[in-house]
Amino acid sequence: TLGRQLAKRLDLPCLDLDAVIEAREGRPVAEIFAASGEGAFRALEAAILPGLLSEPAVVILGGGAWESPMNRATVAAADVAPLWLAESPLRAWERAGRDPNRPLAQDREGFMVRWAARMPAWTHAPAILAFGHSSRELVSALVD
């Protein structure tokens, strides 16, 4: 939501890495995970990300994409500003948990373990601390 609203406000395309992968593969992320595994999905992310960063756009990455040092280096080499929407793990679970489109967010315990494991990688990007603010308020703060 934040990425789409930010792109609209900046008059830029909004490119969601997961959606681009689904369109190119012709199947949902959950199906890619089920049929080919997480490793194959992460390889697709790494292969597709550089092209998304080649033109001005708001590019949305899932939490797992930022875990990859190669993806972080790709973002750094593109000289773009990464932002991390920092949320509490409980808020993240409320937003993403049990979403059938998120294969790694199906059980709460596993989600919380994964959230904690990803935290060190996420701290490599400047954080946006939502603190209960709406996405519109956050976009205004970023743009203004």
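The values are calculated or read from the model by the stated rules, or taken from the named source; none is laboratory data. On a predicted model such as this, the values are computed, not experimentally measured, just so you know. Virtual Cβ from ideal backbone geometry, glycine too; neighbours counted across all protein chains shown. We work out accessible area using only protein heavy atoms, side chains counted, and drop any ligands, DNA or RNA first. Shrake-Rupley method; radii C 1.70, N 1.55, O 1.52, S 1.80 Å.
When each of the peptides 129-141, 57-69 is scored by the mean number of other C-beta atoms lying within 10 Å of its residues, the order from highest to lowest reads 57-69, 129-141. Subtracting the Cα-Cα distance of residue 109 and residue 133 from their residue separation scaled by 0.36 nm leaves 6.0 nm. In the list (i) 28, 20, 14; (ii) 22, 20, 15; (iii) 30, 17, 12, the label attached to semi-axes √(5λ) of the Cα gyration tensor in Å as derived from the coordinates here is (ii).
Relative to the current alpha-carbon distance between residue 99 and residue 43, full extension at 0.36 nm per residue lengthens the span by 17.9 nm. Multiplying the residue separation of residue 77 and residue 141 by 0.36 nm and subtracting their alpha-carbon distance yields 20.4 nm. What the Cβ-Cβ distance of residue 124 and residue 35 gives, at R0 = 41 Å and to the nearest 0.05, is a FRET efficiency of 0.85. Between residue 60 and 15, 16, 17, the built amide H atoms are under 5 Å apart, and every one of these is 5 or more places off in sequence or on another chain.
Computed over protein heavy atoms with a 1.4 Å probe, the accessible surface of the range 3-86 works out to 53 Å² per residue. Amide H contacts of residue 128 (H built 1.01 Å from N, in plane; Pro and chain starts excluded): 84, 85, 86 sit under 5 Å, all sequence-distant by 5 or more or on other chains. Between 87, 31, 109, the Gaussian network model of the chain with springs among Cα atoms under 10 angstrom shows the greatest mean-square fluctuation at 109.
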